[in-house]
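Trainee: Quick one: structure below, then a few questions.
The values are calculated or read from the model by the stated rules, or taken from the named source; none is laboratory data. What you see is a predicted model, and the numbers here were worked out from it, not measured in a lab. Positions of Cβ are backbone-derived with ideal geometry, glycine not excepted, and every protein chain shown enters the neighbour counts. Surface areas here come from the heavy atoms of the whole protein model, side chains and all, with no ligands, DNA or RNA. Shrake-Rupley method; radii C 1.70, N 1.55, O 1.52, S 1.80 Å.
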Amino acid sequence: MATFDDFMKSDIRVGTITDAKVFEKAKKPQVDFGEAIGIKKSSAQITDRYQPEELIGKQVLAVVNFPPRQIADFMSEVLVLGTYSEGGVVLITPDKAVKNGDKLG
């Protein structure tokens with residue numbers, strides 16, 4: 001089992017999706033985490049519930065301190081968080097607008 005200390009090692013931040021493109025069976029959102037972290041790319045399996053144009057401007061939560069991961073011919077820099085739900089993945093979002101880079105606490 002994971003410990004609380006393991007969880008505390010995860011740096012989970014809010015970012016705003018600034019661009020999204022289709023990539024095989026996934027979307028490639030580009031997420032702005034503010035000045036401290038900057039803009040990062042991700043590969044997210046969110047094709048069932050989201051079109052690229054509706055992702056622009058959406059705030060999401062993502063793990064920003066995992067090492068980059070090669071996914072096919074794309075390097076994913078952050079892990080955008082979502083729930084595996086009936087009908088496809090649903091993104092984890094704040095219920096009110098917050099500053100990019102705010103940390104899950």
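Trainee: For a quick check of your reading of the filter: which GluC sites (Glu not before Pro) in the chain sit in a DSSP loop and have no more than 10 other Cβ atoms within 10 Å?
Mentor: GLU35, GLU86
Trainee: Could you give each residue of the stretch 13-23 its phi-based ³J(HN,Hα) in whole Hz, using Karplus coefficients 6.51, -1.76, 1.60 with θ = phi - 60°, and x for Gly or Pro?
Mentor: Using θ = phi - 60°, the values come out as 10, 8, x, 10, 5, 9, 7, 8, 10, 7, 9 Hz.
Trainee: Per the Debye formula with a single identical scatterer at each Cα and no solvent contribution, what log10 I(q)/I(0) holds for the chain at q = 0.10, 0.16, 0.24 Å⁻¹?
Mentor: -0.26, -0.68, -1.41
Trainee: Using a 1.4 Å probe, what is the accessible area per residue for the chain, in Å²?
Mentor: With the other protein chains kept in place, the chain gives 65 Å² per residue.
Trainee: What is the distance, in nm, between label points placed 7 Å from the Cα along the Cα-to-Cβ direction at THR18 and at THR93?
Mentor: So the label points at THR18 and THR93 sit 1.9 nm apart.
Trainee: Grab the beta carbon distance between TYR84 and ILE39, set R0 = 30 Å, and tell me the FRET efficiency rounded to 0.05.
Mentor: FRET efficiency, TYR84 to ILE39: 0.65.
Trainee: How many lysine pairs are close in the chain, with Cα atoms under 23 Å apart and the two 8 or more places apart or on different chains?
Mentor: Qualifying lysine pairs in the chain: 28.
Trainee: Each residue of the stretch 82-97 in order: what ³J(HN,Hα) in whole Hz does its phi give by Karplus 6.51 cos²θ - 1.76 cosθ + 1.60, θ = phi - 60°, with x for Gly and Pro?
Mentor: In residue order, the calculated couplings are x, 9, 7, 10, 4, x, x, 5, 10, 5, 8, 10, x, 7, 9, 5 Hz.
Trainee: Sticking with this one: Once you've got the GNM for the chain with C-alpha springs shorter than 10 Å, pick whichever of ALA26, ALA36, ALA62 has the biggest mean-square fluctuation.
Mentor: ALA36
Trainee: Assuming 0.36 nm per residue, please report the length gained on full extension of the stretch LYS103 to ASP5 beyond their Cα-Cα distance.
Mentor: 33.6 nm
Trainee: To continue, here is another question. Quick one: 3J(HN,Hα) in Hz for the stretch 39-55, Karplus 6.51/-1.76/1.60 with θ = phi - 60°, rounded, Gly and Pro as x.
Mentor: 9, 10, 9, 9, 10, 10, 7, 10, 6, 6, 10, 10, 9, x, 5, 7, 7
Trainee: Taking all protein chains as present, what is the carbon and sulfur share of the accessible area of the stretch 11-62, in % to the nearest whole number, probe 1.4 Å?
Mentor: Using a 1.4 Å probe with all protein chains present, the stretch 11-62 comes out at 42 percent carbon and sulfur.
Trainee: Please report the spacing between the Cα centers of the stretch 36-51 and the stretch 66-105 in Å, no decimals.
Mentor: Distance between centres, Cα-based: 6 Å.
Trainee: Right, next: Hey, can you grab everything whose amide H is under 5 Å from the amide H of PHE23? Only 5+ residues off in sequence or another chain; H modelled, so Pro and N-termini drop out.
Mentor: LYS28
Trainee: Which trypsin sites (Lys or Arg not before Pro) in the stretch 23-87 pass both tests, a DSSP loop state and at most 11 other beta-carbon atoms within 10 Å?
Mentor: LYS25
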